[in-house]
Every structure is written in C-alpha cells, then in structure tokens.
Amino acid sequence: MDISNYKDVYVFAEQREGNIQNVALELLGKARTLADNLGEKVVAILLGKDITTKADELIAAGADKVLVVDNDLLKDYMTEAYTQAVSQIVKEQKPDILMIGATTIGRDLGPRVSARCNTGLTADCTVLEIGDKRELQMTRPAFGGNLMATILCKNHRPQMSTVRPGVMQKLKPDNSRKGEIVKYDVAFNVDKIKRVRLIDTVKEDKATADIIESRILVSAGRPMGSREGLRKVEALASAIGGDVAASRTVVDAGLIDHSNQVGQTGKTVRPELYIACGISGAIQHRAGMEESDLIIAINRDKFAPIFSVADLGIVGDVHKIVPMLTERIKTIKKQS
Ligand SMILES: Cc1cc2nc3c(=O)[nH]c(=O)nc-3n(C[C@H](O)[C@H](O)[C@H](O)COP(=O)(O)OP(=O)(O)OC[C@H]3O[C@@H](n4cnc5c(N)ncnc54)[C@H](O)[C@@H]3O)c2cc1C
C-alpha cells in the first residue's frame with residue numbers, strides 16, 4: 001500500500017437519535033492536538049438522516065471539515081449501511097488517521113471498516129500521540145492490563161483506533177470557529193443492506209445515573225461488597241451529591257450492575273471527585289479512574305496500590321470511616 005498520499009485526522013462522529021455523542025466530541029478534542037502536530041486537518045464523518053444541522057456542533061468542538069452523509073438508510077445505526085458509508089469515504093478520501101468511539105456502535109463498526117479497507121485497528125486506546133516519523137503511536141493495556149503496549153500501523157492506512165468514552169477530553173465549544181460542511185454521496189449496495197431489517201428498538205430502563213457523566217463518585221471495593229456495605233457507600237454518595245460505582249469484585253458478587261463498574265472491563269471515568277472505599281487499586285481498576293481530578297482513597301493497608309494514584313489517603317477501617325464522613329458532611333451541610 002502506498003501510504004504517502006494519506007492525510008488528515010478523521011473522527012467518526014457518532015450520533016444517536018440525532019444527538020452527537022460525547023465520545024465524538026472527546027475524540028475531536030484529541031484529533032485537534034494530533035492534527036496540529038502533523039499540520040493537517042480534522043475531518044468529522046457524520047452519518048444519519050436530517051442530520052446536517054448538527055455539523056456546526058462538530059466544528060465548534062474542533063473539526064475543520066464535516067462530511068455529512070444524509071440518507072434514509074442511515075436513520076438508525078445498521079451495521080452494513082454504516083460500514084459501506086465509512087468504507088467508501090476512507091477509500092476515496094484516504095485519511096491518515098481514523099478514530100472511532102469504543103461504544104457498542106463503534107466496536108461493531110470499527111473492525112468491519114478496517115477489514116474492508118485492509119488496514120489495522122487498535123482497540124480501546126488510552127493514549128494517542130504522534131511519533132518522530134509522524135506515525136500514530138497507539139497505546140493500550142495488554143496482557144490483562146499488566147503492561148501498556150504501544151502499537152504502530154506502519155504499512156497500512158488509515159491508522160485506526162477506538163477509544164472508550166471518558167478517556168479523551170473535549171475542547172470547550174468555540175462557536176466562532178469556521179469550518180467546511182460537505183454533503184457526501186455514497187453509492188450504497190442496497191441488496192446487501194436489505195438482508196437485515198430493524199424491526200424494533202427496545203430501550204433499557206436507565207434508573208441509575210451513567211457514571212461516566214457523574215461529577216462525584218463514591219466507589220465500593222471488596223469490603224463494601226455486602227448489602228450493608230453498599231448502604232454505607234450509598235449514604236455517603238447521597239450526602240455528598242454523588243453516584244455509586246464499584247470495583248469488579250462487587251459487580252461479580254452481583255450486588256451492583258456492571259454498568260457501574262470502573263476499570264479496564266468496566267467504564268473509564270473522570271469525575272471531579274472519586275472516593276475509593278476499600279479498593280486495592282489493581283492496575284485494571286486504576287486504568288478506569290486515575291484521571292479523576294481528585295482521588296480520595298480509604299484503605300486499612302497503607303501499602304495498597306490505590307494510594308499511589310490518590311491525592312488524599314485515609315488509612316483505616318472503611319466500615320467506620322465512611323459512616324463518620326457521611327455524618328460529618330451532613331452536619332456541615334446543616335450548618336451552612
Ligand atoms: C483482564 C482483567 C480485567 C479486569 N477488569 C477490572 C475492572 O474493570 N475493574 C476492576 O475493578 N477490576 C478489574 N479486574 C480485577 C482486578 O484485577 C482486581 O481483582 C479488582 O479490582 C479488585 O477489587 P477490589 O479492590 O475491590 O478487591 P481487593 O483487591 O480484594 O481489595 C480489597 C482492598 O480492601 C482493603 N480492605 C479490606 N478490608 C478493609 C476494611 N475493613 N477497611 C479498609 N480497607 C479494607 C484491602 O486492604 C484491599 O486493599 C480485572 C482483572 C483482569 C485480569
């Protein structure tokens with residue numbers, strides 16, 4: 001493959017029901033840095049139906065250009081139609097880099113596009129940087145999270161990566177930014193698309209908050225992995241205006257839903273405050289929370305690895321400290 005004529009940093013701008021997903025804005029923030037390093041442009045790919053008006057949001061978030069494919073076939077996410085559209089764009093436009101959110105949609109779409117375009121894909125990247133030879137260095141946990149591997153895609157283009165929601169940071173929207181909006185035509189192979197029909201969409205009940213969006217998280221580890229322990233964690237979260245998260249041990253015990261798990265096989269969170277209650281701080285857990293603004297760890301073992309990423313550590317029994325903290329916060333709130 002002649003890779004010399006591939007250029008620009010592309011982002012698949014995922015939308016659901018016409019709403020641009022946060023992960024797309026986060027990827028645009030990262031794409032901006034990468035493109036500026038390379039002296040190239042940031043291009044967003046926006047697929048959907050009656051979606052063109054959303055292009056401005058992508059420009060404000062860092063895109064120089066938005067390629068919009070507006071088509072009935074793209075109203076809802078369908079694997080084949082979306083794969084055809086992105087693959088055609090890649091083959092014609094020849095991006096240097098293509099980033100996709102590691103959501104259920106992105107995880108379905110990314111590998112198919114990479115296979116059809118005969119290039120590689122590095123999934124779940126946590127760090128993306130430009131190297132000395134202008135190559136994309138894609139870093140992700142490997143071997144069960146025990147080491148970080150930096151992967152290069154030397155001989156094929158685009159250099160493709162997926163990134164989980166919450167890992168990269170979006171830019172502050174700048175509505176004064178100017179960009180180009182291009183309507184893009186795709187020659188769909190309708191016969192292939194029509195093999196699968198969308199019959200119904202069933203939405204999961206979202207009774208609890210999405211921890212990715214939470215500003216404050218109180219997170220339960222193994223010693224809080226009982227109904228009584230979780231009640232203590234919930235009480236602290238409620239006193240401080242936060243949400244409850246957990247390590248994998250508590251999720252595996254069936255006490256809290258997997259959607260609340262933080263870490264390599266859970267979610268990556270970046271709250272303003274993360275309180276780890278009896279969490280050892282295994283690398284797989286830290287991978288999902290170490291970018292939090294302020295980390296407070298409570299653990300009776302002063303050598304617990306969680307203290308290596310904590311801004312503030314409390315050594316002691318979590319069963320005593322969590323209720324004490326809760327009472328103290330309630331008292332302070334009453335006084336103020
Ligand atoms: C491929 C892979 C993926 C994984 N993905 C994830 C993931 O996404 N998220 C995740 O969390 N884990 C994940 N894990 C598991 C991870 O390796 C750890 O086993 C897990 O995070 C440990 O959870 P924990 O800290 O709650 O429990 P433990 O490791 O058992 O730690 C409990 C901690 O509580 C402290 N403690 C005990 N009693 C008290 C007390 N009374 N007061 C104060 N402190 C106390 C102990 O000192 C200890 O540090 C993964 C593992 C693998 C191999």
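The numbers here are math on the coordinates, done by the rules we state, and not lab data. This one's a predicted model, so the numbers in the text were calculated from it and none came from an experiment. Backbone-built Cβ (ideal geometry, glycine too); neighbour counts: all protein chains shown.
Of all stretches in the chain that contain no chymotrypsin sites (Phe, Trp or Tyr not before Pro) in a DSSP loop with at most 10 other Cβ atoms within 10 Å, the longest one is 144-302. On the basis of the beta-carbon distance and an R0 of 25 Å, residue 156 and residue 129 show a calculated FRET efficiency of 0.85.
Bridges between two residues of the chain, per DSSP, are antiparallel at a rate of about 20%.
Compared with the direct C-alpha span, the chain from residue 118 to residue 175 gains 16.8 nm at full extension, assuming 0.36 nm per residue.
For the cross-link pairs 54/203; 94/192; 91/203; 170/302, the ones whose C-alpha atoms lie over 27 Å apart are 91/203; 170/302. Each label point was placed 7 Å from the Cα along the Cα-to-Cβ direction; for residue 38 and residue 189 their separation is 2.8 nm.
A DSSP coil position with no more than 15 other Cβ atoms inside 10 Å describes the following trypsin sites (Lys or Arg not before Pro) in the range 13-92: 49. In a DSSP loop and with at most 15 other Cβ atoms within 10 Å, the trypsin sites (Lys or Arg not before Pro) in the range 111-210 are 133, 134, 154, 177, 178, 194, 195, 197, 203, 206. Extension gain, residue 324-residue 201: 0.36 nm per intervening residue step, less the Cα-Cα distance, totals 39.7 nm. Just from its helices, what would the mean residue ellipticity at 222 nm be for the chain, if runs of 4 or more DSSP H residues each count -39500 (n - 2.57) and the sum is divided by every residue, rounded to the nearest 500 deg cm²/dmol? Computed ellipticity for the chain at 222 nm equals -8500 deg cm²/dmol. In this structure, residue 253 and residue 302 have a Cβ-Cβ separation that, at R0 = 30 Å, corresponds to a calculated FRET efficiency of about 0.70.
Here the relative contact order of the chain, from alpha carbon pairs under 8 Å that lie six or more residues apart, stands at 14 percent.
Using R₀ = 45 Å, calculate the FRET efficiency as 1/(1 + (r/R₀)^6) where r is the Cβ-Cβ separation of residue 317 and residue 17; round to 0.05.
0.45
When the Gaussian network model of the chain links Cα atoms closer than 10 Å, the mean-square fluctuations of 108, 72, 210 top out at 72.
For the chain, the convex hull spanned by the alpha carbon atoms encloses 161 Å³ per residue.
Just flag the GluC sites (Glu not before Pro) in the range 171-266 sitting in loop per DSSP whose Cβ has no more than 15 other Cβ atoms within 10 Å. Working shown, then result.
Numbers: sites: 180, 204, 213, 228, 234; in loops: 204.
Passing sites in the range 171-266 are 204.
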